[in-house]
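Okay, structure first, notes after.
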Amino acid sequence: MCTPAQLQVITRPGTEETQTVAGALKRSVSRRDLLVGSLAFSVAPALSHFSAHADAIMAFTEIAPGIFVHQGRFELQSPLNRGDMSNTSFVVGTDAVAVIDTLCSAKLGSELRAAIRAVTDKPVRYVINSHMHPDHVFGNVAFKNDDNVEFIGHHKLARGLSARADTYLAANKMMLGDDAFAGTEIVLPTRGVDDKVTIDLGGRQLTLEAQSVAHTDNDLIVSDSATGTLFLGDLLFSGHIPTLDGSLRGWLSLIDKLEHYKPTRVVPGHGPHAMQLPEAVGDEKRYWSTVATDVRRMIKEGKTMSEATKTAGQSERDHWKLFDQYHVRNVTAAFAELEWE
């Protein structure tokens, strides 16, 4: 097991070459402290950021040169998992680092920050939120005291997150418990994206594009020009059932567009570290198409929303984790939207 002072050796995917994880700790460890990783590596948070869970290790996979992804669990947030149930990524340029989504609490955000520091001593200049949901933004607070850091999101994110702030904070504190949630607060974007923005990390540029209403009304996608990597946030779920907080019709329309994109790889908000288009959106498209077809038929037949939640989309049950926790909510949202088309 890795201790807070240890480093790791990582292997780049597709090569036999290994490299030592860089960072401020590099000079302080001996040869026996190095552990060999295979494709994925784990970084133990520095002591000053280490949580009460002394054995906690935040694992990342380098999916392309300079791009690191942590995969969250397919679980509801709880004191046991500490809210580690979504994907988070960071991108390292020659001058700076960008973080894409920050997990569900101040403590997890601090462990993310410590993991970055174990890889590079380049400054974190950008914290990018793909949308407003707590499991993607509540770790922002871990970066708020960094020098010259800029928090970036969709131009509607600040309004949406502010409107739900009290509800989000209370609900997540209840689910995580006082210890896991300690120190968590909302940090809003300091910069909003209306259409498209490009940021430069040195040697690589990230393009941030605001999307129309789909998963939420404040979805943002990020693309890395150096490696052809597209970060989709919760516009892409794999394994974990998609959740609707925006527009079903808008989401299906966006999926149709994504099927024609040709990135080298895509990173979902929930699911594997990396996937390929168009296959990556196939299950999600089938799910939403099934829900839409069933709900429209039941509306035409004069069925109620309550009746729809019992039968619409049930053929999808075996295809998704957390189906029972989220599917009824999805059908309810779909019915409310489609009954007015």
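Structure data summary
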quantity: Area accessible to solvent at LYS310, 1.4 Å probe radius, in Å²; calculated: 140 Å²
quantity: Entries of LYS107/LYS262; LYS122/LYS144; LYS196/LYS257; LYS173/LYS196; LYS156/LYS285 with Cα pairs more than 27 Å apart; calculated: LYS107/LYS262; LYS173/LYS196
quantity: Set of aspartates and glutamates near LYS321 by C-alpha distance (under 14 Å), chain-local residues within fewer than 8 positions excluded; calculated: GLU75, ASP283, GLU284
quantity: Phi to ³J(HN,Hα) by Karplus 6.51 cos²θ - 1.76 cosθ + 1.60 over the stretch 295-302, Hz, x for Gly, Pro; calculated: 5, 4, 4, 5, 4, 4, 7, x
quantity: Rh (Kirkwood; distinct C-alpha pairs) - the stretch 110-190, Å; calculated: 13.5 Å
quantity: Protein accessible area in the stretch 115-175, 1.4 Å probe - carbon and sulfur %; calculated: 48 percent
quantity: Accessible heavy-atom area order of LYS196, LYS285, highest first, probe of 1.4 Å; calculated: LYS196, LYS285
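The values are calculated or read from the model by the stated rules, or taken from the named source; none is laboratory data. All values derive from a computational prediction rather than experimental measurement. We work out accessible area using only protein heavy atoms, side chains counted, and drop any ligands, DNA or RNA first. Shrake-Rupley method; radii C 1.70, N 1.55, O 1.52, S 1.80 Å.
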